[in-house]
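Asks: One structure, as structure tokens, below. Some questions next.
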Amino acid sequence: MATVQENPLTEGLERAPVHPTNLIIFGATGDLAQRKLLPAVYNLAHEGALPERFNLIGIARTDQPDDEYRDFAREAIKKYSRRAPDETVLSSLLERMRYVGASFDDPAAYEGLSTIADELDEEAGMAFNRVFYLATAPSFFDTIAGALGERGLDKRERAEVRLVVEKPFGHDLASAKELNRALLSVFDERQIFRIDHYLGKETVQNMLVLRFGNGIFEPLWNRSYIDNVQITAAEDIGIGTRAEYYDRSGALRDIVQNHLLQLLTILSMEPPVSFSADEVRNEKVKVLHAIKPPTIEEVPERVVRAQYGPGVAEGKDVTGYLEEEGVAPGSTTETYVALRLKMDNWRWAGVPIYLRAGKRLSRRVTEIAVTLKPVPHLAFQESGSLGVRPNQLILNVQPNEGVSLSLVAKIPGAKMRVRPVNMEFAYGTSFMSQSPEAYERLILDTMRGDATLFARDDEVEAAWGIVDPILEAWENASGPLPQYTAGSPGPSEADGILLDHAEWRPL
Amino acid sequence: MTVEVWAAENTTPADIDSALRKLLEEQHAAGETLAPARVVNMVAVVDASWRGEVLNRLERVGRYHPSRTVLCAVEEGRTTLDASARLSADGTGDPSLISVVEERVDIRMGPSHLTRLDAIVDPLILPDLTTVVWAPHGHHEAIEAMRKLADVVLLDSSDDPNPGRAIGWVCHLQENCYVVDLAWLRGTPWRERIAATFDPPERRAALRQISRVTIRHRPDSTVSGMLMLGWLASRLGWTPGSLVAEGGRHHGRARAGKLEVSLQLDPVPDLGAPGLGGITLETADGMMLSLDRSEGGLAAKRRMPDGSTSSWVVMGASRGEAGILGEGIRQALLRDPTYGPAVRCAGAMVS
């Protein structure tokens, strides 16, 4: 039998208890709160996954009473929740919402927040944990953190205080370091949760299980057997209404620096001693440190950027990037980037790592393709074969979550003719369950204090260290970017960075 | 939604198996984006007159449903097997997305088939998948026949009006099967909330001070109350005594070290859904926690030893009976190490 220190009642429960929490969202009327955070909080409430005592305090510039904010939240949840809301649960959740209308540099915001949070604690007769979620423009991150520190809201007796920071975390290495410094001058690293929502996806977490829960892969997972790795995040949509953000960011900052490098770290890290947050993140950081950033001189031969031009998407004519509303005339922001990296460590030395991300491509797909080396001698040279291709292990992140292994098989008949076939595993066929939204998992983790799926300060800086020389090289380059037709697989220039016999996976 | 159907009268398991394979081949040839689900086999044994009701229940379970269902409808006097098979794919119409195919086999059989149900069903279940057997209308002989073939027995111990007999049956099955009990799953939110209440380190000592437990339940859900008491007793190391039935209520005592814990089960006639209606825990130093069903979750009330009180709602949507059944199917793929000890403690209270 367990001792009283262990709470024997939690044994066997799928959901461990979470300490009573006040979730404070800065930017509570913004797009992220509306589309992701409020629906995620509702779904956690619906499933009974929120702490037994829970309140949400929204802060934004709009001056409005609590009830108007509740109306806003109700509409957002109804519109964007993955399930139709249960009216009784929704009403119960809305009752727990409070609102403070003030700008983030206004001391009144923090006075209002402090007053409400203290009232809620007093009413419950206990100290709630506090999770400050910064769903604001990045320019406010240090302002808000500083203001929280000045008012002593960064720490609490008998309760935990945590800070959740959305991407983008900086726009280059220097700004990321400066932001880390600003946040760490107020909060301890263990209090800071830097969100990369890709890490909340079930399939991404499953990569850890696939690699470290199956003995079949580990013996092959090295330079002796792997020819190259390709990670692709292709979108078929354009920039939509995000021109203001995207034109300042581009594909390298928006996707590669965070999502794709995170996928790469999980794919290539050494087995951690345990799955505790720091053990996992220690291994991920080692991967990032092993990647040798391209020098400015190497950038042209290892990195390709381009913009989508006019073309056809879903059977309709679409404009090119430069004609999109809100894009600066003559903008040199890339909507496509492809790059080749290399890792200097025993496991991966000499294995090219290809990353590519882009908008307005022919298909929406996020996948990791691990291509094995070809067999040393091919005995099947009969004519009529479709050809023997090296085995590929494809980890599909979206839209068809699953794993596929390409093999070579004999075509029925008298001759020894062969063709590639696929061994498919689709998560949907084996679990028949709807994966929770990444934000549901991540918000719950912040309330639990589990930072395994969040980026640490050194991780973020190491990732920026890899892309910084590329950004610098691009700043010094002149002339328009190569164009690719909207709805196509991307620019032909991307083939130029591939080594030897490598090919891009068809989109 | 695409559907493929095959049917035959006076058939054999081998013919049904052959027909299923053919249907799958045809469906695969029709579109490579159709992928057969491979999660769990469910063998459901039902009275023929309630077949439609059981199918409705299975269709409402939502996202957690068996990938291959073998529905055995038992008709008095029947001596032959009639069967049909169908594949259905619930696709979105988007050709770039995979549509998952479910398979269902309906067999009409007689009572005499039940004692050799394993031989009939064996060719029809997919090897390497967990096989669940569920007989919501009794048919214990079918369960006995399936015990070597099935990995999991799904049941609702509240179905038997005699709680002692229900718990005894579960204990018997647990000798060589894993049991998923819907009556236990109805109590999950209650167990989670009680565990959460005592989770803050400063409250854990109160677990050793519990002096009284009162459970309110729907009159036909006495077993749910007993399982809750069994859970507390097994987790907290109590030695339970016998429960005494008196006017529909049950009361008894458990020994928790030097402390005696008073146990009470009170039926509440006007509860809509089966299961628990409320629970009150009191400690020797005067703390009291109660949880009761309410709109939007569970209404919680707490009185501290100093007399201060607070109340709040623990949010959570009702899963409904369809959701409970779906959860039962999902739990067939998991293992809850606390159910067995809880049942044994509950058994000790009714013996």
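Asks: Say we look at region B:109-124 and pick out the residues that are surrounded by 20 or more Cβ atoms within 10 Å (Cβ to Cβ) and in contact with a Lys or Arg (Cβ under 9 Å, 6 or more places away or on another chain); which of these is nearest to the other protein chains (Cβ to nearest Cβ)?
Replies: This residue is B:Leu124.
Asks: Which of the residues belonging to region A:96-117 are out of contact with any helix residue (DSSP H, G or I) (no Cβ under 6 Å at 6 or more places or on another chain) and either closer than 15 Å to A:Leu148 by Cα or at pLDDT below 95 (or both)?
Replies: Matches in region A:96-117: A:Ser103, A:Asp106, A:Pro107, A:Ala108, A:Ala109, A:Glu111, A:Gly112, A:Leu113, A:Ser114, A:Thr115, A:Ile116, A:Ala117.
Asks: May I pose another question? Residue by residue through region A:355-375, note down the ones that are among the hydroxyl-bearing types (Ser, Thr, Tyr) and more than 18 Å from the chain's Cα centre (by Cα).
Replies: A:Ser362, A:Thr371
Asks: Which numbered condition trips up A:Ile216, out of (1) assigned to a loop (DSSP other than H, G, I, E, B); (2) closer than 30 Å to A:Ala486 by Cα?
Replies: Every listed condition holds for A:Ile216 apart from (2).
Asks: Something else about it: For the condition surrounded by 14 or more Cβ atoms within 10 Å (Cβ to Cβ), at pLDDT 95 or above, in contact with a strand residue (DSSP E or B) (Cβ under 9 Å, 6 or more places away or on another chain) and under 28 Å from A:Ala45 (Cα atoms), what is the one hit in B:Arg216, B:Arg255?
Replies: B:Arg216
Asks: Oh, and also: May I ask you to list the residues in region A:11-45 that are modelled with pLDDT of 95 or more, out of contact with any strand residue (DSSP E or B) (no Cβ under 8 Å at 6 or more places or on another chain) and at the interface with another protein chain (Cβ under 9 Å from one of its Cβ atoms)?
Replies: Matches in region A:11-45: A:Leu44 only.
Asks: How many residues does region A:391-404 contain that are β-branched (Val, Ile, Thr) and either within 11 Å of chain B (Cβ to nearest Cβ) or in a loop (DSSP other than H, G, I, E, B) (or both)?
Replies: Going through region A:391-404 one residue at a time, the tally reaches 0.
For every residue, the table says whether it meets (1) touching a Ser or Thr at 6+ places or on another chain (Cβ under 7 Å); (2) modelled with pLDDT under 80; (3) not small (Gly, Ala, Ser).
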{"position": "B:Ala19", "(1), (2), (3)": "no, no, no"}
{"position": "B:Ala44", "(1), (2), (3)": "yes, no, no"}
{"position": "B:Val54", "(1), (2), (3)": "no, no, yes"}
{"position": "B:Tyr64", "(1), (2), (3)": "yes, yes, yes"}
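Asks: Oh, and also: Give me the pairs, please: first residue somewhere in region B:196-215 and more than 10 Å from every other protein chain (Cβ to nearest Cβ), second residue anywhere and crowded, with 17+ Cβ neighbours inside 10 Å and part of a helix (DSSP H, G or I), beta-carbon distance under 7 Å, and either six or more positions apart or on two chains.
Replies: Cβ pairs passing all conditions: B:Val213/B:Leu229; B:Val213/B:Leu232; B:Ile215/B:Gly225; B:Ile215/B:Met228; B:Ile215/B:Leu229.
Asks: Moving on. Give me the helices (runs of 4 or more DSSP H) completely within region A:239-321, filtered to those with at least 2 residues that are in contact with a helix residue (DSSP H, G or I) (Cβ under 9 Å, 6 or more places away or on another chain) and closer than 27 Å to A:Asp500 by Cβ, ordered by residue number.
Replies: Because the criterion is at least 2 residues that are in contact with a helix residue (DSSP H, G or I) (Cβ under 9 Å, 6 or more places away or on another chain) and closer than 27 Å to A:Asp500 by Cβ, the helices (runs of 4 or more DSSP H) in region A:239-321 that meet it are A:261-268, A:277-290, A:299-302.
Asks: Could you check, for region B:152-164, whether at least one of its residues is closer than 18 Å to B:Leu325 by Cβ, out of contact with any helix residue (DSSP H, G or I) (no Cβ under 7 Å at 6 or more places or on another chain) and either assigned to a helix (DSSP H, G or I) or among the charged types (D, E, K, R) (or both)?
Replies: Among the residues of region B:152-164, at least one is closer than 18 Å to B:Leu325 by Cβ, out of contact with any helix residue (DSSP H, G or I) (no Cβ under 7 Å at 6 or more places or on another chain) and either assigned to a helix (DSSP H, G or I) or among the charged types (D, E, K, R) (or both), which makes the answer yes.
Asks: Something else: A:Thr88 fails exactly one of the following numbered conditions: (1) under 29 Å from the mean Cα position of the chain (by Cα); (2) closer than 26 Å to A:Leu13 by Cα; (3) surrounded by fewer than 18 Cβ atoms within 10 Å (Cβ to Cβ). What is the number of that condition?
Replies: The one condition A:Thr88 does not meet is (1).
Asks: For region A:46-77, what are the residues that are part of a loop (DSSP other than H, G, I, E, B) and either among the hydroxyl-bearing types (Ser, Thr, Tyr) or within 14 Å of chain B (Cβ to nearest Cβ) (or both)?
Replies: A:Glu47, A:Gly48, A:Ala49, A:Leu50, A:Pro51, A:Glu52, A:Arg53, A:Thr62
Asks: Among the residues of region A:38-55, are any under 24 Å from A:Ala137 (Cα atoms), surrounded by fewer than 21 Cβ atoms within 10 Å (Cβ to Cβ) and either in contact with a Phe, Trp or Tyr (Cβ under 7 Å, 6 or more places away or on another chain) or touching a residue at least 40 places away in the same chain (Cβ under 8 Å) (or both)?
Replies: no
Asks: While we're looking at this one, here's another question. Taking region B:279-318, which residues are facing another protein chain (nearest Cβ under 9 Å) and under 22 Å from B:Gly230 (Cβ atoms)?
Replies: Correct list: B:Leu298 only.
Conditions tested, residue by residue: (1) at pLDDT 95 or above; (2) crowded, with 18+ Cβ neighbours inside 10 Å.
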position: A:Arg305; (1), (2): yes, yes
position: A:Glu325; (1), (2): no, no
position: A:Pro352; (1), (2): yes, yes
position: A:Val370; (1), (2): yes, yes
position: A:Pro374; (1), (2): no, no
position: A:Leu386; (1), (2): no, no
position: A:Asn400; (1), (2): no, yes
position: A:Val403; (1), (2): no, yes
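Asks: Do we find that A:Arg448 is out of contact with any helix residue (DSSP H, G or I) (no Cβ under 8 Å at 6 or more places or on another chain) and either within 14 Å of chain B (Cβ to nearest Cβ) or within 26 Å of A:Gly402 (Cβ to Cβ) (or both) in this structure?
Replies: For A:Arg448, the condition - out of contact with any helix residue (DSSP H, G or I) (no Cβ under 8 Å at 6 or more places or on another chain) and either within 14 Å of chain B (Cβ to nearest Cβ) or within 26 Å of A:Gly402 (Cβ to Cβ) (or both) - is met.
Asks: For residues that are in contact with a Gly (Cβ under 6 Å, 6 or more places away or on another chain), of a type in the set (A, V, I, L, M) and either more than 14 Å from chain B (Cβ to nearest Cβ) or free of Cβ contacts under 8 Å to residues at least 24 places away in the same chain (or both), tally how many sit in region A:82-129.
Replies: Qualifying residue count, region A:82-129: 1.
Asks: Say whether the condition of being outside any loop (DSSP other than H, G, I, E, B) and surrounded by fewer than 15 Cβ atoms within 10 Å (Cβ to Cβ) is met by at least one residue in region B:340-349.
Replies: no
Asks: Since B:Ala142 meets every condition but one in (1) over 12 Å from B:Val45 (Cα atoms); (2) small (Gly, Ala, Ser); (3) touching a residue at least 60 places away in the same chain (Cβ under 8 Å); (4) away from every other protein chain (no Cβ under 14 Å), which condition does it not meet?
Replies: In the conditions (1) over 12 Å from B:Val45 (Cα atoms); (2) small (Gly, Ala, Ser); (3) touching a residue at least 60 places away in the same chain (Cβ under 8 Å); (4) away from every other protein chain (no Cβ under 14 Å), B:Ala142 misses (1) alone.
Asks: Can you name every residue in region B:237-284 that is more than 25 Å from the chain's Cα centre (by Cα), closer than 12 Å to B:Ile215 by Cβ and among the aliphatic types (A, V, I, L, M)?
Replies: B:Leu281
Asks: Which numbered condition trips up B:Ile98, out of (1) modelled with pLDDT under 80; (2) farther than 24 Å from B:Val153 by Cβ; (3) surrounded by fewer than 19 Cβ atoms within 10 Å (Cβ to Cβ)?
Replies: Tallying (1) modelled with pLDDT under 80; (2) farther than 24 Å from B:Val153 by Cβ; (3) surrounded by fewer than 19 Cβ atoms within 10 Å (Cβ to Cβ), B:Ile98 fails exactly one: (3).
Asks: Going by the structure shown, is B:Ser67 within 11 Å of chain A (Cβ to nearest Cβ) and touching an Asp or Glu at 6+ places or on another chain (Cβ under 7 Å)?
Replies: yes
Asks: Among the residues of region A:405-460 satisfying the criterion of being part of a strand (DSSP E or B), closer than 30 Å to A:Gln257 by Cα and aliphatic (A, V, I, L, M), which is modelled with the lowest pLDDT?
Replies: A:Ala426
Asks: Tell me whether region A:490-498 contains one or more residues that are modelled with pLDDT under 95 and aliphatic (A, V, I, L, M).
Replies: No, every residue in region A:490-498 fails to be modelled with pLDDT under 95 and aliphatic (A, V, I, L, M).
Asks: Another question, then. Take A:Phe169 and decide whether it is in a strand (DSSP E or B) and either basic (Lys, Arg) or in contact with a strand residue (DSSP E or B) (Cβ under 8 Å, 6 or more places away or on another chain) (or both).
Replies: For A:Phe169, the condition - in a strand (DSSP E or B) and either basic (Lys, Arg) or in contact with a strand residue (DSSP E or B) (Cβ under 8 Å, 6 or more places away or on another chain) (or both) - is not met.
The values are calculated or read from the model by the stated rules, or taken from the named source; none is laboratory data. None of these values were measured; they are calculated from a predicted model. Every residue, glycine as well, gets a Cβ built from its backbone with ideal geometry; the counts of neighbours run over all protein chains shown.
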